[in-house]
Amino acid sequence: MEIPIKIDSTARHQLSATKHPVLRSIGRALPQNYYPQEVISAALWKEWDGSDAGRARFERLHRSVGVRGRHLALPMEDYRALDSFSKMNDKWIERATELGEEAVESALCQAGLVPTDIDHIFFTTVTGIASPSIDAKLINRMSMRPDIKRTPIFGLGCVGGAAGLARAADYLRAFPSHTALLVSVELCSLTLQLKDQSVANVIASGLFADGAAAVIVNGGEKNNEPHWPRTIASRSIFFHDTEQMMGWHIGDAGFEIVLSAGVPDLVRNKLRQGVDSFLSDQGLSRRDIKHWIAHTGGPKVLQAMEAALEIPRCALARTWKSLASIGNLSSASVLFVAADFLESNIARPGDYGMLLSVGPGFCGELVLLQW
């Protein structure tokens, strides 16, 4: 009688290692204009009101988001001249192209590649509009190949970095000899609404910041370095009938924030089920995940993630640190946290990691990594 041989999940993933796309490098770019949170708060209050009445509450809301300082696309004094959506968006196109190129150059340098090595470019943003999209401008500026494929992604917000990585990995499973590039550029300061004094907009004006990230992902046929994490699988989680929780209302003045106070409760109550189902399909559980890489959604969202996943605060230490030092960069945030993690070099062969974000939809995106 033939006795079946049981292979555990770690061994199964390692046996199939050659088919999994590999995360090669993450480049980052931040504008040079950095301001402490209290400086930004004082300047915004002066523009909004300027009186002593309500100032304490305004500053308290800005302190509550846990951000110590942020990088802004422009010097602070330049924002006053951007008195229309058209002017803000024109500046967004200019700065998004510059910062995107800087992030891509960094990612290529780390991976030892040149622009013509890229077969497919994915671009994600939620803070500006361009057609052709910014990826087309980068192809021209960086002299990429004329046969390069393009996938611009708009509207995913904070979930866009994780989703973009997942879609790039999906593509590389079909084309394992290719190399993909994901570019995320978010210039949240160029969506500023000075006439909106709602609590949601006050919180957003204290939480969100500017930056760009670029990720190089190789197809499995190019996997020849064991220290690079492999993208084992991904899962999208969509929560029906939650469109009103987060996003933009796009009006005459541009991007107006939609942000419900119910977002943390939704994360707390729904995230665990989606994560557990995903891991179960991979023959894993939350106990198998040694490293958690989450986007910088703000203190209440991070606390909700910790509660839902039953993990201690130290498990998201890099996310908390990134939130405090540079704020929430929307889709780029999780990629900045992932870059910090890769630089730490603490993962060991066989370790599993989970990269995750939540955002407008309302939805979540999960990417399972293994070293």
> Only one of (1) without any contact (Cβ under 8 Å) to a residue 60 or more places away in the chain; (2) farther than 26 Å from His71 by Cα; (3) of a type in the set (Phe, Trp, Tyr) fails for Phe341. Which number is that?
Replying inline: (2)
>> Lys91 - would you say it is out of contact with any Cys (no Cβ under 7 Å at 6 or more places or on another chain) and either closer than 26 Å to Asp340 by Cβ or surrounded by fewer than 19 Cβ atoms within 10 Å (Cβ to Cβ) (or both)?
In response: no
> In the range 325-339, what count of residues is obtained for those that are of a type in the set (Ser, Thr, Tyr) and either over 14 Å from Leu182 (Cα atoms) or surrounded by fewer than 24 Cβ atoms within 10 Å (Cβ to Cβ) (or both)?
Replying inline: 2
>> Quick check on the range 120-177: of everything there that is among the polar types (S, T, N, Q) and either assigned to a loop (DSSP other than H, G, I, E, B) or not assigned by TED's automatic domain parsing to the domain that holds Val215 (or both), which residue is nearest to Gly211 (Cα to Cα)?
In response: Thr127
> What is the residue count in the range 340-364 for residues that are under 19 Å from Leu259 (Cα atoms) and either aromatic (Phe, Trp, Tyr) or buried (at least 24 other Cβ atoms within 10 Å of the Cβ) (or both)?
Replying inline: 5
> In the range 27-45, which residues are of a type outside the set (Gly, Ala, Ser) and part of a strand (DSSP E or B)?
Replying inline: Arg28, Asn33, Tyr34, Tyr35, Pro36
> Hey, any hits in the range 235-242 for a residue that's touching an Asp or Glu at 6+ places or on another chain (Cβ under 7 Å) and over 26 Å from Ser64 (Cα atoms)?
Replying inline: yes
>> Just to verify a result, which residue in the range 206-217, among those that are of a type outside the set (A, V, I, L, M) and modelled with pLDDT of 95 or more, is nearest to His20 (Cα to Cα)?
In response: Gly211
>> So the check is Cβ under 6 Å with 6+ separation or different chains; which pairs have a first residue in the range 72-92 that's in a loop (DSSP other than H, G, I, E, B) and a second one that's at pLDDT 95 or above and of a type in the set (S, T, N, Q)?
In response: Ala73/Ser189; Pro75/Asn33
> Mind checking which residues of the range 43-77 are farther than 19 Å from Cys188 by Cβ and either surrounded by fewer than 16 Cβ atoms within 10 Å (Cβ to Cβ) or among the hydrophobic types (A, V, I, L, M, F, W, C) (or both)?
Replying inline: Lys46, Asp49, Gly50, Ser51, Asp52, Ala53, Gly54, Ala56, Arg57, Arg60
> Can you name every residue in the range 103-119 that is assigned to a helix (DSSP H, G or I), crowded, with 16+ Cβ neighbours inside 10 Å and not hydroxyl-bearing (Ser, Thr, Tyr)?
Replying inline: Ala103, Val104, Ala107, Leu108, Gln110, Ala111, Pro115, Asp117
> Quick check: is even one residue across the range 226-233 surrounded by fewer than 16 Cβ atoms within 10 Å (Cβ to Cβ), of a type in the set (Ser, Thr, Tyr) and at pLDDT 95 or above?
Replying inline: no
> Is it true that some residue in the range 93-105 is farther than 30 Å from Gly219 by Cα and of a type in the set (D, E, K, R)?
Replying inline: yes
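Condition check ((1) over 30 Å from Asp135 (Cβ atoms); (2) modelled with pLDDT under 90; (3) acidic (Asp, Glu); (4) not assigned by TED's automatic domain parsing to the domain that holds Ala261) across all residues:
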position	(1), (2), (3), (4)
Arg12	yes, yes, no, yes
Ala29	no, no, no, yes
His71	no, no, no, yes
Leu74	no, no, no, yes
Glu77	yes, no, yes, yes
Trp92	no, no, no, yes
Glu98	no, no, yes, yes
>> Take the residues in the range 155-199 that are surrounded by fewer than 16 Cβ atoms within 10 Å (Cβ to Cβ) and polar (S, T, N, Q); name whichever of them is nearest to Gly247 (Cα to Cα).
In response: Ser198
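The values are calculated or read from the model by the stated rules, or taken from the named source; none is laboratory data. These figures come from a predicted structure and were not determined experimentally. Counting neighbours? That spans all protein chains shown, and the Cβs are built from the backbone with ideal geometry, glycine included.
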